[in-house]
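What follows is calculated from the coordinates using simple rules that are stated; it is not laboratory data. Note that the structure is predicted; figures quoted are calculated from it, not measured.
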Amino acid sequence: MMKEIAYNEYSKQAMEQLSKGAFLTTTHHGKTNTMTIGWGHIGFAWGKPIFTAMVRSSRYTYELIEKSNEFTVSIPLNPMKQALGICGSKSGRETDKIAAAELTLLPGQKIATPVISGCGLHFECKIVYKQAMDPAQLDKSLNEKCYDTGDYHTFYAGEILACYTEE
């Protein structure tokens, strides 16, 4: 059973878990892929609750999110270290990560993209703004530390259309 909550009700727990890993999922034309994310922001902009996620252009998820214009973020409030490891180390181009990690999908409540069952906390987001990184605007030390291969992120600001917990 799902319980709808305010987008910021579990923000402390979400931010604590995000650095350990969460699932970003998107789907387009029957293809669903999830990946592990460790960076993101929950905030408020343009009069809307926003989840900002970052996806590198080399990722299979990038191909799908660019077409779907939506994503979900499932935050594990329960231990899911093995599944996060699989989804963070395999490519959806070659591997059905959902099957490999033995994950179960639940339908989205307001968007077509599903959420990951058992995580406990879910955000359903419609992209309202996206921006590819401009390397010239990035601090040199971060550029050297995080982008030594030149594989930059695109930022996706998703309006949080639904936020809920599993009970």
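Between Ala45 and Ala6, full extension at 0.36 nm per residue minus the direct alpha carbon distance yields a gain of 12.5 nm. Residue separation of Glu66 and Glu167 scaled by 0.36 nm, minus their Cα-Cα distance, works out to 33.2 nm of gained length.
The orientation-averaged projected area of the convex hull spanned by the Cα atoms of the chain comes to 9.6 nm².
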